[in-house]
Amino acid sequence: MVGAISPSLPSRWTSATYGIAMTTIDNARFKSLHRMDLPVRGEPVHPLLVSFPIAYFTAAFVTDLAYWRTAAVLWETFSDWLITAGLVMTGVAVITFVIDLIRGKRIDRLAWPHAVGYTLAALLSLLNAFVHSRDGYTAVVPTGLALSGLVVLTLLITGLIGRALIARRHEGADL
């Protein structure tokens with residue numbers, strides 16, 4: 001049928017009514033060629049999830065700074081939700097880390113400085129969530145802002161320590 005529509009095109013191409021070439025896909029071949037397993041078998045899953053809490057906690061610090069400068073309640077609400085989302089994703093990452101340990105997936109020794117730093121950041125963020133749950137301007141300024149900054153600083157130092165350890169050994173690490 002494909003050749004009957006446009007005999008000059010290869011069998012994998014068909015021409016549409018408006019002259020646009022379209023690709024036909026053999027479903028069995030497509031599934032086998034374009035299958036993507038994330039992560040690669042035998043690799044731990046938790047490194048994929050760790051970046052989400054880092055992004056949430058950093059964004060919470062930025063929204064705390066915005067609240068400090070503008071005193072618009074919108075920014076405090078954003079901070080509350082970002083910290084909560086960061087804590088939820090931290091919980092998911094911890095659960096996958098435990099599952100990876102139980103299943104015997106390869107966890108490098110270099111991961112432990114990261115685990116200590118991320119644990120400290122998560123505990124500070126939990127305290128920060130309680131501070132942000134108060135009403136008014138003092139929910140963020142100065143204690144909430146300081147805690148958010150301390151969390152970001154802890155994550156930054158943890159990342160730099162991990163980078164230094166990786167560079168010294170000249171290899172990658174499973175975080």
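The values are calculated or read from the model by the stated rules, or taken from the named source; none is laboratory data. Given the structure is predicted, the values throughout are model-derived calculations rather than measurements. Here the Cβ positions follow ideal geometry from the backbone for every residue, glycine too, while neighbour counts run over all protein chains shown.
Conditions (1) modelled with pLDDT of 95 or more; (2) basic (Lys, Arg); (3) within 15 Å of TYR67 (Cα to Cα); (4) surrounded by 15 or more Cβ atoms within 10 Å (Cβ to Cβ), marked per residue:
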| residue | (1), (2), (3), (4) |
| --- | --- |
| ILE102 | no, no, no, no |
| ASP108 | no, no, no, yes |
| ALA111 | no, no, no, yes |
| TYR118 | no, no, no, yes |
| ALA121 | yes, no, no, yes |
| ALA139 | no, no, yes, yes |
| SER148 | yes, no, yes, yes |
| ARG163 | no, yes, no, no |
| ALA167 | no, no, no, no |
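Beta carbons closer than 8 Å, at least 6 apart along the sequence or on distinct chains, pair a first residue in the range 68-88 that is on the phi > 0 side of the Ramachandran plot and at pLDDT below 95 with a second that is in a helix (DSSP H, G or I) and surrounded by fewer than 18 Cβ atoms within 10 Å (Cβ to Cβ) for ALA71/TYR137. Take the residues of the range 123-137 that are loosely packed, with under 15 Cβ neighbours inside 10 Å and among the small types (Gly, Ala, Ser): which is nearest to the chain's Cα centre (by Cα)? Ranking the candidates gives SER133 first.
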